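Here is the structure we will look at.
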Amino acid sequence: MRDKKLHSHAALHYHNIIMSVMLLFALAFVVAGLFTGNIADLPKGMWRIFTCPAPLVTDFTMVGGLNAALFNAGLCGLFVFLLYKASGFVASGGAFGAYFLAVGIGLFGKTVFTMIPFVLGGLLYAWYKKEPFRRIILYPIQASALSPVVSILTFYGGFSWGGAAVGYISAIIIGFIITPVAIHTRTMHRGFD
């Protein structure tokens, strides 16, 4: 019993450290975005990033400026951090991977706007399977690496409500389907890389 308490205490300590690092990292990007370049250009740069049909290799520093790109990456990190906190997810090494994937791609193709439908798809899957979202949270966050699909369908050739609907619905479906595929893939290769 004593070993179980020690393990539980160590896991909680590890979780707190991971969550603190994630929060500080995201805040560092947000603050860097506020102080890199002219702050008056930030709203215009963020608007250009949010309304850009951003294929995966779109450099957001060229679209909206360095400050807007850093700010956007920080927002993506904060979004993932808040998802972890709200769901009661216990952070692990996999949490770091999904988090830094979100922040990294936040510099060249991903926004919070384009991440949301993947998360909604994951929430729908958790509701459908009657599982807590915290058990599957990593899969829709990782799937949001495909978020340029949303921005391309929404903004390519100018904004359209039809394109936005197709983009969001596609991403929700991907977010829903990715979890059972990821779970099966893990068991299919029996843990081998």
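Laboratory data are not the source of any read-out in this text; all were calculated from the coordinates shown. Because the structure is a prediction, the values reported are computed rather than measured. Here the Cβ is made from the backbone with ideal geometry for all residues, glycine too, and neighbour counts use every protein chain on show.
Dipole magnitude for the stretch 41-180: about 340 debye, using +1 per Lys or Arg Cβ and -1 per Asp or Glu Cβ, origin at the Cα centre. Rounded to whole numbers, the Karplus 3J(HN,Hα) couplings from phi for the stretch 32-37 are 4, x, 6, 10, 9, x Hz, using 6.51 cos²θ - 1.76 cosθ + 1.60 with θ = phi - 60°, and x at Gly and Pro. Using R0 = 22 Å, the C-beta based FRET efficiency linking residue 31 and residue 61 works out to 0.85.
Show that you can apply the helix-only estimate: for the chain, add -39,500 (n - 2.57) for every DSSP H stretch of four or more residues, divide by all residues, and state [θ] at 222 nm to the nearest 500. Let's see the in-between values first.
On the way: 9 runs with 142 residues, N = 193.
For the chain, the value works out to -24500 deg cm²/dmol.
Taking 2.2 N^0.38 Å as the expected size of a compact globular protein, what ratio does the Cα radius of gyration of the chain give against it, to two decimals? Display every interim value, and only then the final one.
Numbers: Rg = 17.8 Å, N = 193, 2.2 N^0.38 = 16.3 Å.
Normalised Cα radius of gyration, the chain: 1.10.
Provide the FRET efficiency to the nearest 0.05 for the residue 38-residue 159 pair, computing r from the beta carbons and using R0 = 22 Å. Plugging the Cβ-Cβ distance into 1/(1 + (r/R0)^6) gives 0.25.
Contact order for the chain, expressed relative to its length and based on alpha carbon pairs under 8 Å spaced 6+ residues apart, stands at 21 percent.
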